[in-house]
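Undergrad: Here you go, one structure.
No value in this document is a laboratory result; all are computed from the given coordinates. Keep in mind that this is a model prediction, so the values were computed, not measured. Positions of Cβ are backbone-derived with ideal geometry, glycine not excepted, and every protein chain shown enters the neighbour counts.
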Amino acid sequence: MPVKVVVGAQWGDEGKGKITDILAAEANAVVRYQGGSNAGHTVVVGDREFKLHLIPSGILHEDTLCIMASGTIIDPICLAEEINGLRERGVHCDNLRLSGNAHVIMPYHRLLDALEEEARGSASIGTTRRGIGPTYTDKTRRMPRGIRMVDLLDQEVLRAAVADQLELKNAILQHIYGHAPLDTDEVIEEIADALPIITPYVTDARAIVRGCLDRDETVVLEGAQGTFLDLDYGTYPYVTSSHPVAGGACLGTGVAPTEIDETIAVAKAYTTRVGAGAFPTELHDECGDGLRERGAEYGTTTGRPRRCGWLDGVALRTSAEINGATGIAVTKLDVLDELATVKIAVNYEVGGERLERMPENLDRLEGATAIYEELPGWQRPISEAKSPAELPAEARAYVDRMAEIAGAPVLAVSVGASREQTVWF
Ligand code: GDP
């Protein structure tokens, strides 16, 4: 039975949640491998819409284990709220498992994230202010050691670790930001109500995933954000603090590279990005506004309007390589329904040179001009299409061109938000 990675091929918000949710129905386990509560997944089941930030989309399938692996970071307050919210709507969450090695987003991480971002002023990197960067920083700093989920199980251990952390944090808060120091007991008190809700799920996540592999079960490894928000391969510094690329699935779960059978790169039929950073295919006109409105391109977590533009084939080609895509899932194709022509950037022109791939030197990206290919639009609704043959020829040609650029076949085309609005190839 296969191990599948679902990875965002662009700057996140590709609609990975929907694709993972469909794959989860057939899977024994869905494992989130990186990121924290900065992710936002919207899954629509019937007439119910679930907005999830932390918990993998697989939670809606009661028979599928839903695991947050060691590469993720967990905000106890946010997680407890999410569990309570799901329980209120009849989703019991008994299938949830949390790695003891996942680091904990503490209240001071959120505070520092906000203070750091404010201090950056106009040079802000557009963080979600949810403490993601500071938590991963503590993980890599090592001493004083970052707090892990397993530390939440023992009050003495937790108290000592928080006290250690606050020595450094208070120095930063007071001397750099002129903020009042934090008190160990008050910090612990802030997360106290969440602990009995979340700690029963803490376990050895790698052992559970290993068990699934040993039993030859189907496992979906789910990334948050997208390839160009990767700390190493993204448009640094406007990136996240972890590794959304497919390689991050191995780091974050302990599954070996040789055990991965499929990598599904999820690519929206156009491009969006949130926050600052280079965006060669960005549209600053009515067409861009139209994509934003028809695609409801506002952040799930922050409500921020997303920047919108034509499909960036250079980015798609590059991310398909980095992720080793074995197939692509094209999402939100229906958002292009009304357009008379659609464009795909196939090259960048930088300083008189044509580039086929994202340059490693990102300073060059700032000055890149996108070179487009223009394809005819289909100008009719496609949301009812159930099979490839029911897609208009122009829409088919568009996704075929995407596959050609990615060097990987189309596995699915999403033509609407619901599970049923998916055309399988
Ligand atoms: P994710 O973080 O990659 O899962 O992406 P988001 O959840 O932020 O964004 C995807 C949004 O688009 C959600 O509101 C989905 O319900 C919606 N969506 C997903 N696929 C489609 C599609 O094919 N067409 C349309 N119109 N909406 C879609």
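Undergrad: Can you give the convex hull volume of the alpha carbon atoms of segment 263-424 per residue, in Å³?
TA: Values: hull volume 18.9 nm³, N = 162.
Measuring per residue, one finds 117 Å³ for the Cα hull of segment 263-424.
Undergrad: If the viscosity is 0.692 mPa s and the temperature 37 °C, what translational diffusion coefficient in µm²/s does Stokes-Einstein give for the chain when Rh comes from Kirkwood over Cα pairs? Numbers along the way, then the final one.
TA: Details: Rh = 22.1 Å.
This corresponds to a translational diffusion coefficient of 149 µm²/s.
Undergrad: Still on this structure: Per residue and in cubic angstrom, what volume does the convex hull of the Cα atoms of segment 104-194 have? All intermediate terms of the calculation are to be shown ahead of the outcome.
TA: Numbers: hull volume 8.6 nm³, N = 91.
Hull volume normalised by residue count: 94 Å³.
Undergrad: Within 10 Å, count the other beta carbons around each residue, average over each peptide in 218-229, 117-128, and list them highest first. List each step's numbers first, then the result.
TA: Working: 218-229: 28.9, 117-128: 13.4.
Ranked by mean Cβ neighbours within 10 Å, highest first: 218-229, 117-128.
Undergrad: Using only Cα positions of segment 57-134, each an equal point scatterer, no hydration layer, compute I(q)/I(0) via Debye at q = 0.24, 0.25, 0.26 Å⁻¹ and quote the log10 values to two decimals.
TA: Summing over Cα pairs of segment 57-134 leads to -1.07, -1.11, -1.15.
Undergrad: Let me ask something else. Among Leu391, Gly416, Ala403, flag the residue with its Cα farthest along the positive direction of the charge dipole of segment 380-419, charges on Cβ as +1 for Lys/Arg and -1 for Asp/Glu.
TA: It is Gly416.
Undergrad: Turning to a different aspect of this structure: Would you calculate, for the chain, the mean residue ellipticity at 222 nm contributed by helices, counting each DSSP H stretch of 4 or more residues as -39,500 (n - 2.57) and dividing by all residues, to the nearest 500?
TA: So the calculated ellipticity at 222 nm is -9500 deg cm²/dmol.
Undergrad: In segment 399-425, whose amide N lies under 14 Å from the spot 7 Å out along Cα-to-Cβ of Ser387? List them in ranges.
TA: The answer is 423-425, whose backbone nitrogens lie closer than 14 Å to the label point.
Undergrad: With only Lys, Arg, Asp and Glu charged, each at its Cβ (+1 for the first two, -1 for the last two), find how big the charge dipole of segment 227-318 is about the Cα centre; round to the nearest 20 debye. Could you put the intermediate results ahead of the total?
TA: Details: 8 positive and 12 negative charges, 47 e Å.
Here the size comes out at about 220 debye.
Undergrad: Kindly rank 359-372, 74-87, 47-60 from highest to lowest mean number of other beta carbons found within 10 Å of each residue.
TA: Details: 359-372: 14.5, 74-87: 19.2, 47-60: 20.9.
Going by the mean number of other Cβ atoms within 10 Å, highest first, we get 47-60, 74-87, 359-372.
Undergrad: To the nearest 20 Debye, how big is the dipole of segment 178-331 about its Cα centre, given +1 on the beta carbon of each Lys and Arg and -1 on that of each Asp and Glu? Don't skip to the answer; put the middle values down first.
TA: On the way: 11 positive and 24 negative charges, 125 e Å.
Once rounded to the nearest 20, the dipole reads 600 debye.
Undergrad: For Ser418 and Thr199, compute 0.36 nm times the residue count separating them, minus their Cα-Cα distance, and round to one decimal in nm. Mind showing how you got there, number by number?
TA: Details: separation 219, 0.36 × 219 = 78.84 nm, distance 3.28 nm.
Using 0.36 nm per residue and subtracting the Cα-Cα distance, I get 75.6 nm.
Undergrad: Okay, next question. Under the 0.36 nm per residue contour assumption, what length would be gained going from the current alpha-carbon distance of Asp289 and Ala340 to full extension?
TA: Details: separation 51, 0.36 × 51 = 18.36 nm, distance 1.59 nm.
Length gained between Asp289 and Ala340: 16.8 nm.
Undergrad: For the chain, what number of Lys pairs, 8 or more residues apart or on separate chains, have alpha-carbon atoms under 20 Å from each other?
TA: Taking the Cα cut-off of 20 Å, the pair count is 19.
Undergrad: Further, regarding this structure: For q = 0.10, 0.15 Å⁻¹, what log10 I(q)/I(0) does segment 11-97 give under the Debye formula with an equal point scatterer on each alpha carbon and no solvent?
TA: Log10 I(q)/I(0), no solvent term: -0.21, -0.48.
Undergrad: Next question. Against the longest principal axis of the chain, how steep is helix 132-141, in degrees 0 to 90 to the nearest 10, with axes from Cα atoms?
TA: Orientation of helix 132-141: about 60 degrees from the principal axis.
Undergrad: Using the Cα centre as the reference, give the magnitude of the dipole from point charges on the C-beta atoms of the chain (Lys, Arg: +1; Asp, Glu: -1; all else neutral), rounded to the nearest 20 debye. Display every interim value, and only then the final one.
TA: Details: 41 positive and 64 negative charges, 54 e Å.
Here the size comes out at about 260 debye.
Undergrad: Need one number: convex hull volume per residue for segment 329-425, Cα atoms only, in Å³.
TA: Values: hull volume 11.0 nm³, N = 97.
Given the Cα convex hull of segment 329-425, per-residue volume reads 113 Å³.
Undergrad: Which of rounded, prolate or oblate describes segment 229-289 when judged by the alpha-carbon gyration tensor and an a/c cut-off of 1.5? Mind dumping the intermediate values first?
TA: Details: a/c = 4.18, a/b = 1.94, b/c = 2.16.
Because a/c hits 1.5 or more and a/b fails to exceed b/c, segment 229-289 counts as oblate.
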